[in-house]
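Below: one structure, written as structure tokens.
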Amino acid sequence: MEGREKRALHFLILVAYLVVSPSPCAGLLRLAGSGSTRCSGRVEIYNYNYNSYRYRYSSWGTVCDYGWDLQDAEVVCRELNCGIALQARRSAYFGQGTGNILRSNVDCSGSETSIDNCRYSSPISYSCHHGRDAGVVCSETLPQPTLSLYSNEVTWGQDVRITCSVSYKFSGGTFILQKTSGSFSQSQTSSMSSVTFNLHNVNFDHDGLYQCQYMKTSQRFSSSSVRLSVTVSFPKPRISIYPVGEVTWGQTVEITCSVSTQVLGGSFTLSQIQGSFTRSQTSNTNSATFNIPNVDFDNEGLYQCQYKKRGSRREFSSPLSVSVRLSVTGKKNKNKYGLTLGTKRDPLVFINCNKVIERVFQL
């Protein structure tokens, strides 16, 4: 067989090998060595070369651990579909490889999809050896953070503990607690697989959906959302009237409503139990005073007040207060003869009395 034919045959054999071999199909990257698994081991790259006869041959080579860090390992794990990087191993942790050392000073940002997209240097320039072969430990699966609350419904002013956690194998990283709407966000870095966030003296601003995010490197992984509901229970308001007792027709009456609460900024409503009178007043304190000028007999009756405060999703109301009575007395009337006849409270009687008296004088 001619030399040219031999080279052609060898080339066809190599092509067939590359097609059926599982290694190149893995994306020119693999993890090998002592104690290695599908997602942990010594990093090896598939390398193509040409000899002086332009005959292509290939081999696996290693990566020198100069500058090797978790961002570099993150890219390897992503390229192999092995979750996220848990550790960037150095000093031939998985044993020394063979063949060429193909790269050194690998510099990945952590967001690349392939180690081929990262900057690197020639290992020859740094006199690297297989005792410095780089390796990775990947998580195999992606983190799935969970968020837990001791209670999903809490009372205004309470302290709340919210725990974010991931699987124990993801120990170490940054946990971020945030509301799905709004600007609230807190973060904690921990060497453990969970952290607890404390929210002190919660108010209606804390009401809403919360999500936990976990970061080991540049990637963020989010939990499902959990709702925190903040409620409030108001006591029965107090109500007082001034002047106390009966008031004269045409006077000004003050009715004050107050409630014992720290949840301010709500509104007080004063209503006449039997009648059309109703007024509302917003207050930044725990009381409000309603003025009723020039009272007349239509203002007579029983009054009650109520305190209301709007939360993020619904309104909270106090019970109705006890009632107070507003009693109105009329002005004294005199006829043209200077006789005191009574009040305007019963004008029909006054008219009849006036007519009788006038008739007497006429007689």
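Counting only residues that are in contact with a Cys (Cβ under 7 Å, 6 or more places away or on another chain) and open to solvent by less than 50 Å² (accessible area, probe 1.4 Å), how many does the range 116-138 have?
Number satisfying all stated conditions: 6.
For the range 75-101: of the residues being of a type in the set (K, R) and crowded, with 20+ Cβ neighbours inside 10 Å, which is nearest to C118 (Cα to Cα)?
R78
Return yes when V202 is outside any loop (DSSP other than H, G, I, E, B), β-branched (V, I, T) and within 30 Å of C164 (Cα to Cα) and no when it is not.
No.
Do we find that S111 is among the polar types (S, T, N, Q) and without any contact (Cβ under 8 Å) to a residue 40 or more places away in the chain in this structure?
no
Select from the range 257-277 the residues that are more than 18 Å from K309 (Cβ to Cβ) and surrounded by fewer than 17 Cβ atoms within 10 Å (Cβ to Cβ) and list them in ascending order.
Selection gives I273, Q274, G275, S276, F277.
If I filter the range 218-256 down to residues being among the aromatic types (F, W, Y) and part of a strand (DSSP E or B), which single residue comes out as least open to solvent (accessible area, probe 1.4 Å)?
Only one residue fits best here, namely F221.
Please go through the range 197-217 and give me each residue that is open to solvent by 60 Å² or more (accessible area, probe 1.4 Å) and under 30 Å from S109 (Cα atoms), ordered by number.
Scanning the range 197-217 gives no hits.
Residues that are farther than 30 Å from V195 by Cα: list the strands (runs of 3 or more DSSP E) wholly contained in the range 64-153 that include at least 3 such residues.
101-107, 119-121
The values are calculated or read from the model by the stated rules, or taken from the named source; none is laboratory data. The model shown is predicted, which means the values in this text are computed figures rather than measured ones. Neighbour counts are summed over all protein chains in view; Cβ atoms, including those assigned to glycine, are modelled from backbone coordinates with ideal geometry. To get the accessible areas, we keep the full protein, side chains included, count just its heavy atoms, and leave off ligands, DNA and RNA. Shrake-Rupley method; radii C 1.70, N 1.55, O 1.52, S 1.80 Å.
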